[in-house]
1. Please go through region 418-432 and pick out each residue that is outside any loop (DSSP other than H, G, I, E, B) and either of a type in the set (A, V, I, L, M) or farther than 25 Å from ALA304 by Cβ (or both).
2. Could you go through region 537-556 and let me know if any residue there is assigned by the TED database to the domain that holds TYR372 and touching a Ser or Thr at 6+ places or on another chain (Cβ under 7 Å).
3. Search region 137-153 for residues being in contact with a strand residue (DSSP E or B) (Cβ under 6 Å, 6 or more places away or on another chain) and within 15 Å of VAL73 (Cα to Cα), and hand back the single one that is most open to solvent (accessible area, probe 1.4 Å).
4. Where residues in region 371-425 are in contact with a Lys or Arg (Cβ under 9 Å, 6 or more places away or on another chain) and aromatic (Phe, Trp, Tyr), which of them is surrounded by the fewest Cβ atoms within 10 Å (Cβ to Cβ)?
5. Can you tell me which residues in region 154-173 are under 24 Å from the mean Cα position of the chain (by Cα), open to solvent by 10 Å² or more (accessible area, probe 1.4 Å) and hydrophobic (A, V, I, L, M, F, W, C)?
6. Among the residues of region 180-239, write down those that are open to solvent by 60 Å² or more (accessible area, probe 1.4 Å), touching a His at 6+ places or on another chain (Cβ under 9 Å) and not in a strand (DSSP E or B).
7. How about region 557-576: which of its residues are within 24 Å of LEU387 (Cβ to Cβ), in a loop (DSSP other than H, G, I, E, B) and open to solvent by 40 Å² or more (accessible area, probe 1.4 Å)?
8. May I ask you to list the residues in region 227-245 that are farther than 13 Å from PRO323 by Cβ and among the aromatic types (Phe, Trp, Tyr)?
Amino acid sequence: MHNSGSKPCSCPGLKLREVASMYFTLVAAFLVILVVALQGSVPRGTDFPYKVPLDPQGLLELSWNVSYPEQAVHFQLLIRELQFGLLFGMSDRGEFENADLAVLWSDGHNSYFGDAWSDAKGQLHMDSQQDYQLLGAHRAPEGLYLLFRRAFSTCDPKDYLIEDGTVHLIYGILEEPVHSLQAINVSALRGGLQRVQLLKPNISIPELPRDMKSMEITAPDVVIPSQETTYWCYMAELPEGFPKHHIIMYEPVVTAGNEALVHHMEVFQCAAEFDSFPHYNGPCDSKMKPERLNYCRHVLAAWAMGAQAFYYPAEAGLAFGGPGSSRYLRLEIHYHNPLVFKGRRDSSGIRLFYTATLRPYDAGIMELGLVYTPVMAIPPGEEAFVLTGYCTDKCTQLALPAAGIRIFASQLHTHLAGRKVVTVLSRAGRERQVVNADGHYSPHFQEIRMLKEVVAVFPGDELITTCTYNTEDRSRATVGGFGILEEMCVNYVHYYPQTQLELCKSAVDPGYLHRYFNLVNRFNDEEICMCPQVSVPQQFYSIPWNTFNRDVLKSLYGFAPISMHCNKSSAVRFPGQWEKQPLPSITERLREPVPRCPPAAGAQPAAPVPVQLGQLRRG
């Protein structure tokens, strides 16, 4: 099961080079055995609670656990059809260049494991600090299990820093024998990427009530379309006269065999002002989809690949049913079918667990960030353009109870240009706490995430949400709005007790933006039509995006007053003056966390570890 050194040679008259080679191989093997001994026994299969398929066929299955005391992740990789090895690792956004990799490779006779990195050209290099630590390898009827460990932070400049939020995992299959790690051509490999949240919160599961019931909102045996991406919509409804209940947990229901195709799922409740909604079962973007389904936007549950069950805190539940609550629900499933399988049937969905014994508090969902308006725009060709939305002290002072609210979960949301999202709690001008942050955010991986610790928000606090965008592939401005090529910056926070405050967001004051357009018009030879009938998007589209125009827009967003939306659930603002509000003043920023480095003695020397796998053949 464990790796060992090469077999001793019986030939007399060994050369010094061969002796040295054998010595270092044995040292490397000894260090691996030592690491295994130091870690205790290799974790059992049941010790890996999180699981995700890496590839669309499900031939590579990753399981893992998180040790916060050790500040490390333990990985178990099941390779169902091993050829001549594979690469597994992490990179900023799923690229194979500038990646941090664990590599298993074989020359057809001998197999090796090592920690490597790829440069900007995709060339592999053995890492001078071996931080992917092999714990074991063994064969089973279902395939080869590879077990290894990696610290969150290694303080090795070639290594990826594992943080809270999204991690882009990459894999590549070696289909031919290779004689050295450097001989592997990353660009020629068959591979792909998978997004997960590696650092799951270590939350104790609340005790569940005896009268708990469950309800499945699932697709009715649909045929998954034979195209790469499909959003499927299905309407369901609660029984007539269904009284008020609390949802206290939910979990995914994924049809066996479709684990690699069901990318994410959401259940939305429809608006209560409509007495009925039409039945529908089909693609969400179909022209046949009834317009009224657009009024089913209130999120009840959201799941993404790699996530487990979601639990509400013991003192709160999400209310559904009863007066003032719609009976109609919309299930939305994102199918990711890159191999274009035909005829696959699916009945996946979400299982809601609920109770009639109401908990002390109703949970609520509040929108933070930017208003959906074109006045917030991103110039084209930007690598990292920042927009910020505010929930001001004036709004929380008016709308929150004296005892405050408790945020326990969060769902970050942008459209396709979003790259980073963070919400920070500020009190009396001082940043106090990060509510939720994702430095490797992907719009293709959105889930409701339970927070590691509950965040208390009191009247007078500020919640500041900042989004970073990349528009290097765009030739015209990207404005805020609902369209997929428009942008959003939102944090849906889940909290208790529920208040009337449903939306606490901002946008730049329109009058100041009009002054910007006038200034740009005066400083540029090109004519920008400022006629009143020309829309804000059209004015942004006509701007010549030179350095001056970009910098002035950044500056405008950094100092101009804001229009605050401090809204009740009825979309009516709380009473008060909300236009031309000053930007919150931050006098003290949170310090950047300093990564903890493991003891230097824990790292292994830069030598590959032999792995006893026997002779490998082509698949």
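The values are calculated or read from the model by the stated rules, or taken from the named source; none is laboratory data. Values in this document were obtained by computation on a predicted structure and should not be read as measured data. In this analysis, Cβ positions are derived from the backbone assuming ideal geometry, glycine residues included, and neighbour counts consider all displayed protein chains. In case anyone asks, the SASA skips ligands and DNA or RNA and just uses the protein heavy atoms, side chains included. Shrake-Rupley method; radii C 1.70, N 1.55, O 1.52, S 1.80 Å.
1. VAL421, VAL422, VAL424, LEU425, SER426, ARG427, ARG430, GLU431, ARG432 - these are the residues of region 418-432 that are outside any loop (DSSP other than H, G, I, E, B) and either of a type in the set (A, V, I, L, M) or farther than 25 Å from ALA304 by Cβ (or both).
2. no
3. So, considering only residues that are in contact with a strand residue (DSSP E or B) (Cβ under 6 Å, 6 or more places away or on another chain) and within 15 Å of VAL73 (Cα to Cα), the one most open to solvent (accessible area, probe 1.4 Å) is ARG149.
4. Selected residue: TYR372.
5. Of everything in region 154-173, those that are under 24 Å from the mean Cα position of the chain (by Cα), open to solvent by 10 Å² or more (accessible area, probe 1.4 Å) and hydrophobic (A, V, I, L, M, F, W, C) turn out to be CYS155, LEU161.
6. GLN182, GLU228 - these are the residues of region 180-239 that are open to solvent by 60 Å² or more (accessible area, probe 1.4 Å), touching a His at 6+ places or on another chain (Cβ under 9 Å) and not in a strand (DSSP E or B).
7. Once the filter is applied, which keeps residues that are within 24 Å of LEU387 (Cβ to Cβ), in a loop (DSSP other than H, G, I, E, B) and open to solvent by 40 Å² or more (accessible area, probe 1.4 Å), region 557-576 yields only ALA571.
8. Correct list: TYR231, TRP232, TYR234.
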